[in-house]
Amino acid sequence: MPNRIKEEIERLKKERGAIILAHSYQPGLIQDIADFVGDSLELSRIAASESAELVIFCGVKFMAETAKLLSPESTVVLAAPDADCSLAACMTGADLREMKKKYPGAEAVTYVNSTVDLKSETWACCTSANSVEVVEAAPSDEVIFGPDRNLGTWVATQTKKTLHIWPGGCHAHSGADIRHLREKKAEWPDAEVLVHPESPSVFLWEADKVLGTGGMIRHVENSKSMKFIIGTEEGMIYRLETLFPHKQFAAAGNIICDDMTLTTPELVLKALESRGDGIEIPSDLAEKAAAAVRRMTEIG
Ligand code: 13P
């Protein structure tokens, strides 16, 4: 990255009281300029506690919306304005209302990778880091879970509750080819296999651990293994290599989220220069959606 851009980002950050948050899937260059890099839950908690004047979010739309819900006084700008999430688009608030009619005794738990509309209809959101804990905390034995089928199917194996799962999915994780993982396992037989629960079940069956991205970091830190095969978006490999340079990491397949790769240093600079253009939450949905994400940050 040209020094000029780096210096300008630093100068504007101070001038505007801004913080830069980046998800662990972001390109390496972006992780390097961020103030905080983390998983969805960690970034939500930081957005809530920092209450910065300006939050530049390097990730996808639902993450910036979540930051805005938790920190309504901050101006939150999504650095790559077109970065959306195919999974979030899989289920609407109206879909959930229909499911509630079908399962009247069930509370709804919604993965944070979702629209504000869906969040506003839900008892609590969860991330991959606390999905089991949130489902366990729900005040009903039956739980409607959406929009991610793979995550819901995995959560159902970790709880005695009955889950009614919406059949949505992340195109990047769902499209992964198990043959890549098998080839890598044959090449690195002594490696530990860590897989994100958004992956199809066949990946989970071949994994040593099923973990969200924050859980992967904590596991690698405490593991005696030196080699790891990582079943999630490939930006995570850079994150792990940066944190643990003495260990080796390989991708389980080419799991690439095109939206996550849209952020560039130039866009971060443009976001810092912008006046206005922050994320706006429809006022009729804000209060209910914020309650669901606040509950998420309080559990697990
Ligand atoms: P984490 O919950 O691990 O941050 O995962 C977020 C995500 O979007 C996975 O695709």
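The values are calculated or read from the model by the stated rules, or taken from the named source; none is laboratory data. Only a predicted model underlies this, so the values are computations on that prediction, with no experimental measurement involved. Neighbour counts are summed over all protein chains in view; Cβ atoms, including those assigned to glycine, are modelled from backbone coordinates with ideal geometry. Please note that ligands, DNA and RNA were not included when accessible areas were found on the heavy atoms of the full protein model with its side chains. Shrake-Rupley method; radii C 1.70, N 1.55, O 1.52, S 1.80 Å.
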Has segment 162-185 got any residue that is open to solvent by less than 20 Å² (accessible area, probe 1.4 Å), part of a loop (DSSP other than H, G, I, E, B) and away from the ligand (no atom under 16 Å from the Cβ)? no
Thr75 fails exactly one of (1) open to solvent by 40 Å² or more (accessible area, probe 1.4 Å); (2) within 15 Å of the ligand (Cβ to nearest atom); (3) β-branched (Val, Ile, Thr), namely (2)
Residue check for Ala156: in contact with a helix residue (DSSP H, G or I) (Cβ under 9 Å, 6 or more places away or on another chain) and free of Cβ contacts under 8 Å to residues at least 12 places away in the same chain: yes
From the option list Ala88, Ala83, single residue qualifying as under 14 Å from the mean Cα position of the chain (by Cα) and under 22 Å from Gly300 (Cβ atoms) is Ala88
Within segment 159-193, residues under 18 Å from Val112 (Cβ atoms) and free of Cβ contacts under 8 Å to residues at least 24 places away in the same chain come out as Ile165
Counting only residues in segment 220-232 that are within 16 Å of the ligand (Cβ to nearest atom) and touching an Asp or Glu at 6+ places or on another chain (Cβ under 9 Å), the one nearest to Leu78 (Cα to Cα) is identified as Thr232
Filtering segment 54-95 down to residues that are assigned to a helix (DSSP H, G or I) and either acidic (Asp, Glu) or in contact with a helix residue (DSSP H, G or I) (Cβ under 6 Å, 6 or more places away or on another chain) (or both) yields Phe62, Glu65, Thr66, Ala67, Leu69, Leu70, Ala88, Gly93, Asp95
When restricted to Asp84, Asp95, the only residue within 16 Å of the ligand (Cβ to nearest atom) and of a type in the set (Asp, Glu) is Asp84
Would you mind stating whether Ala89 is open to solvent by less than 40 Å² (accessible area, probe 1.4 Å) and touching a strand residue (DSSP E or B) at 6+ places or on another chain (Cβ under 9 Å)? no
Taking first residues from segment 122-144 that are free of Cβ contacts under 8 Å to residues at least 60 places away in the same chain and closer than 17 Å to Pro104 by Cα and second residues anywhere that are of a type in the set (D, E, K, R) and part of a helix (DSSP H, G or I), the pairs with Cβ under 7 Å that are 6 or more apart or on different chains are Ile144/Lys100
Requested in this report: Go through the residues of segment 258-281 one by one and say whether even a single one is outside any helix (DSSP H, G or I), farther than 28 Å from Gly17 by Cβ and of a type in the set (A, V, I, L, M).
Outcome: no
Per the filter on segment 231-269, residues basic (Lys, Arg) and free of Cβ contacts under 8 Å to residues at least 60 places away in the same chain are Lys247
- Of the residues that make up segment 39-46, is at least one free of Cβ contacts under 8 Å to residues at least 40 places away in the same chain and β-branched (Val, Ile, Thr)? yes
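Could you list all residues from segment 136-161 that are within 16 Å of the ligand (Cβ to nearest atom) and open to solvent by 70 Å² or more (accessible area, probe 1.4 Å)?
The answer is Arg149, Gln158.
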